[in-house]
Amino acid sequence: MQFRALIAVAFALFTVALASAAAAQSLFDRLVMPGPLIEGHAKYQKKCANCHEAFSKSSQKRLCMACHKDIAADRKQKRGLHGRRPDTVNAECKHCHTDHKGRNADVVQFDKESFTHKFTDFDLKGAHKSLPCDSCHKPKEKFRKAPSQCVSCHKKTEPHKGALGTKCATCHNETSWREVKSYDHSKTKFPLEGAHKKVACNACHAGERYKGVTTVCASCHQLQDVHRGRYGKKCQTCHISKKWDIIRFDHAKETKFPLRGKHAKAKCDSCHSGDLYKDKNATTCVSCHEKHDPHKGKLGKKCETCHNEKGWRKRVAFDHDFTQFPLLGLHAVVPCEECHRTQSYADTSPKCEACHKDTAHQGRLGADCSFCHNPNGWKFWKFDHDKQTQYPLTGAHRGLHCHLCHKEKHVKKISQYSSCYACHAEDDTHQGNFGTACEKCHTTKTFRPGGLR
């Protein structure tokens, strides 16, 4: 028990000694204090240890940063005035902010006239240079708490009503809101190309509407759509953004009907008169040109047999050799219209007399001119009376003109004069007394006595 009592007495004496030392130290601090602290530090008037360590001058900056954590963070991250201004980054706090000068002392020493805003996180440029400080810095509020985002100050006057987000600097600059710099539209889902580059923003974004704006061509150009919606809404299939008149649709690659000749110059509506996607056009000539067919369908529907895309009347490629009337000799160079007097063509007769009126024989030798003549010319005879008839021409008959025997005009078939008497009845000096078989006594050399057998 005595031992415990001794320990209690010793502890009490030690406590009294410490209290006496603290009291002595507090008295000492008050005696050496240069003056009252500023209003902001008044609560630390009797707590010198919060800012000072005995016999250590280097610890003061550390103790300041321990209390002013926002300034410490600025220095560490090199932001704000204390992190960006060269002469403050590593300087002692007391170099600028000396305390113990009284409650109303100004330890900040802020001079609006000489302050350089470029050492802050918000350098003043353009129209911001002429603004009064209180435009951004509210009264009784730390300068560091001033907003640095455009929308923070300009939200009330922002015409887009937040539709374009909060990054105003993407389009605008500090000089003036109306001086819109080039917005990089390529980062959107609709890069501006060709004529779109020169279009005013509100032409597409009517009423400051930016979200939900469709990128379909027809949404803006529906009123200018000359096709009236018949070709769908994918205008980019045929047109480019540089100019509507420039067509890029490759009909040869995209369809089974390459456009050649006159077809290449034809307007789309000439063939595509209905809905482009619902109405599938036929690829036959007659499907488009039936109304203009001068042959009235009598030559069939394969127009390409004679015509090509360069023009209906140019270079008709019909091969007449595949018909019942091959073009031979002089017929090969005769214009089609000389024989085909109507555009029906199929109604043309293949007979010679249909084109060649017989003015020489007047039908005495029949209607089949090809029996004697050939297409190389009328003068080229090919008829052999000896081989092609039953009456060979001998003697005086060889030099006779055809019409002396073939006297009948406009006959359909050549009469066969196979007896002498048929031609020489008028020359019979015997007056029929010796019959009609003249060849029994006479030869074809002459009827005179010298020609008797």
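The values are calculated or read from the model by the stated rules, or taken from the named source; none is laboratory data. What you are looking at is a predicted structure, and each value in this text was computed from that prediction instead of being measured. We place every Cβ from the backbone using ideal geometry, glycine too, and count neighbours over all the protein chains shown. Remember, those area values only see protein heavy atoms, side chains included, never the ligands or the DNA or RNA. Shrake-Rupley method; radii C 1.70, N 1.55, O 1.52, S 1.80 Å.
Computed quantities for the displayed model
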| quantity | calculated |
| --- | --- |
| Members of the stretch 332-361 found to be open to solvent by less than 70 Å² (accessible area, probe 1.4 Å), part of a helix (DSSP H, G or I) and farther than 18 Å from R313 by Cα, listed by number | C352, A354, C355 |
| Test: residue in the stretch 395-406 that is free of Cβ contacts under 8 Å to residues at least 40 places away in the same chain, part of a helix (DSSP H, G or I) and small (G, A, S) | yes |
| Selection status of D293, among the charged types (D, E, K, R) and touching a helix residue (DSSP H, G or I) at 6+ places or on another chain (Cβ under 8 Å) | yes |
| Identity of the residue in the stretch 375-399, polar (S, T, N, Q) and modelled with pLDDT of 85 or more, that ends up least open to solvent (accessible area, probe 1.4 Å) | T394 |
| Any pair with Cβ under 7 angstrom, 6 or more apart, that starts in the stretch 174-202 at a residue that is more than 19 Å from K242 (Cβ to Cβ) and ends at one that is of a type in the set (D, E, K, R) | E174/K125 |
| Filtered residue count, the stretch 174-207, keeping only those that are modelled with pLDDT under 85, over 23 Å from the mean Cα position of the chain (by Cα) and surrounded by 14 or more Cβ atoms within 10 Å (Cβ to Cβ) | 2 |
| Condition broken by A367, with the remaining ones in (1) part of a loop (DSSP other than H, G, I, E, B); (2) more than 30 Å from F322 (Cα to Cα) satisfied | (2) |
| Residue, nearest to D384 (Cα to Cα), within the stretch 407-433, restricted to residues that are surrounded by 14 or more Cβ atoms within 10 Å (Cβ to Cβ) and without any contact (Cβ under 8 Å) to a residue 40 or more places away in the chain | Y417 |
| Tally, over the stretch 143-168, of residues that are without any contact (Cβ under 8 Å) to a residue 24 or more places away in the chain, part of a loop (DSSP other than H, G, I, E, B) and surrounded by 15 or more Cβ atoms within 10 Å (Cβ to Cβ) | 1 |
| Verdict on K382 being under 23 Å from F325 (Cα atoms) and free of Cβ contacts under 8 Å to residues at least 12 places away in the same chain | yes |
| Residue that is most open to solvent (accessible area, probe 1.4 Å), among those in the stretch 86-124 that are farther than 26 Å from H52 by Cα, assigned to a loop (DSSP other than H, G, I, E, B) and in contact with a helix residue (DSSP H, G or I) (Cβ under 7 Å, 6 or more places away or on another chain) | K112 |
| Evaluation of C402 against (1) farther than 19 Å from G363 by Cβ; (2) surrounded by 14 or more Cβ atoms within 10 Å (Cβ to Cβ) (one fails), failing number | (1) |
| Residue within the stretch 269-290 that is within 30 Å of C355 (Cα to Cα) and either surrounded by fewer than 12 Cβ atoms within 10 Å (Cβ to Cβ) or among the charged types (D, E, K, R) (or both) present | yes |
